[in-house]
Amino acid sequence: MENLNRFIPQNHKVVKPELKPELDVATSGSAGLSRVTNLHAASLRRREAVVRIWTEATLVQVKIPQSPSPSRRGFRKSITTFTSKARANMLRVFARIDRRHTRPLSLTLTYPQEYPATRVTKEHLRAFAARLERAFPRCGFIWKLEYQARGAPHYHLLLFGVPPLDREQLSKFRRWISRIWYHVVKSGDEKHARAGTRVEYVKTRRKIQFYAAKWYQSKPVTVGSGDSPGRFWGVVNREAVFSPCVIVRLTVRAAYRLLRYLRNYVHAARRAWKPGRPAWLRRIRTFFVNEPAVWLARLDDLLDDLLVTTPT
């Protein structure tokens, strides 16, 4: 367990300043500015911030309400490439994976020489997921869409919730996966029936991180607008994949103080191999930490104005 005492002050006490009495509306000049500042501080105390801690994973997220701004959202365009925002969201999903899982299974689902449009393959994936869920009600998986050099789509899956299998059971499971994918695709190609799938165990948690890095760095492929693939990745049955999440509500003032502690934690961890404090560290509000449960246990000591804690 990492020592947090290096960057978190012990017996931290917050002295809350007393606000000056509100001035008359007609007051101008510096006194009027003080009134605006006091009202802003009071509004910060009335609003709530939300902290989500995935206790059995590696993610802590802080959300602070911002001032309302005009909406810029318009019509959503068709997804034709694996964007940088989608890559970042996928990494956050990997950081929510429950560490108590037994070894997950890595599955690869491919198509024969003749392959359908990407939208049709999404229907195949949904049908395949339904058959998996009927056989293993507590299973879930993360999927990633990629394209081969010939342009054919294929899927990579990390499957969780399947009971441990010995060598003979794993061989039967491989044949079963191959058979149901063959029936879902309805290719009629015997070569596809024999070599259309691949199943293997992910032996270590470091290997899961390897898959996350591999999928993140996958070569972007732009698909024509006529064959919009939609999402390039997703999660099926999140409850079977993700760690339990604890939601903590606290004041905005306390949330900014927690952000300072978390950013100091990240800076201390990276300072050993890269000196200097980067500018992006002042903007992030999602943190990858080794022991989220430690932060949850220390919240009462670090912050004296928690509102409510809700497990989910």
Output for Cβ contacts, cut-off 7 Å, separation at least six or different chains, first residue at positive phi in region 158-185, second aliphatic (A, V, I, L, M), reads 161/240
Across region 80-131, the tally of residues that are closer than 30 Å to residue 287 by Cβ and in contact with a Leu (Cβ under 7 Å, 6 or more places away or on another chain) stands at 6
| query | Any residue at all in region 161-180 that is in a strand (DSSP E or B) and either surrounded by 13 or more Cβ atoms within 10 Å (Cβ to Cβ) or more than 20 Å from the chain's Cα centre (by Cα) (or both)? | reply | no
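Confirm whether residue 247 is of a type in the set (Val, Ile, Thr), within 30 Å of residue 52 (Cα to Cα) and at pLDDT 90 or above.
yes
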Would a scan of region 110-126 turn up a residue that is out of contact with any strand residue (DSSP E or B) (no Cβ under 6 Å at 6 or more places or on another chain), among the small types (Gly, Ala, Ser) and over 28 Å from residue 169 (Cα atoms)?
-> yes
Of the residues in region 242-269, those that are out of contact with any strand residue (DSSP E or B) (no Cβ under 6 Å at 6 or more places or on another chain) and in a strand (DSSP E or B) number 2
In region 185-208, anything under 26 Å from the mean Cα position of the chain (by Cα) and at pLDDT below 85 is listed as 203, 204, 205, 206, 207, 208
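In region 215-241, how many residues are modelled with pLDDT of 75 or more and either in a helix (DSSP H, G or I) or in contact with a helix residue (DSSP H, G or I) (Cβ under 8 Å, 6 or more places away or on another chain) (or both)? I'd like the intermediate steps shown before the answer.
Taking region 215-241 and keeping what is modelled with pLDDT of 75 or more, we get 230-241.
If we keep only those that are either in a helix (DSSP H, G or I) or in contact with a helix residue (DSSP H, G or I) (Cβ under 8 Å, 6 or more places away or on another chain) (or both) too, we end up with 230-233, 235-241.
The number of residues fulfilling the criteria is 11.
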Quick count over region 108-144, residues being farther than 22 Å from residue 89 by Cβ and either of a type in the set (Ser, Thr, Tyr) or not in a loop (DSSP other than H, G, I, E, B) (or both), is 16
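The values are calculated or read from the model by the stated rules, or taken from the named source; none is laboratory data. This one's a predicted model, so the numbers in the text were calculated from it and none came from an experiment. Positions of Cβ are generated from backbone atoms using ideal geometry, with glycine treated the same way; all protein chains shown enter the neighbour counts.
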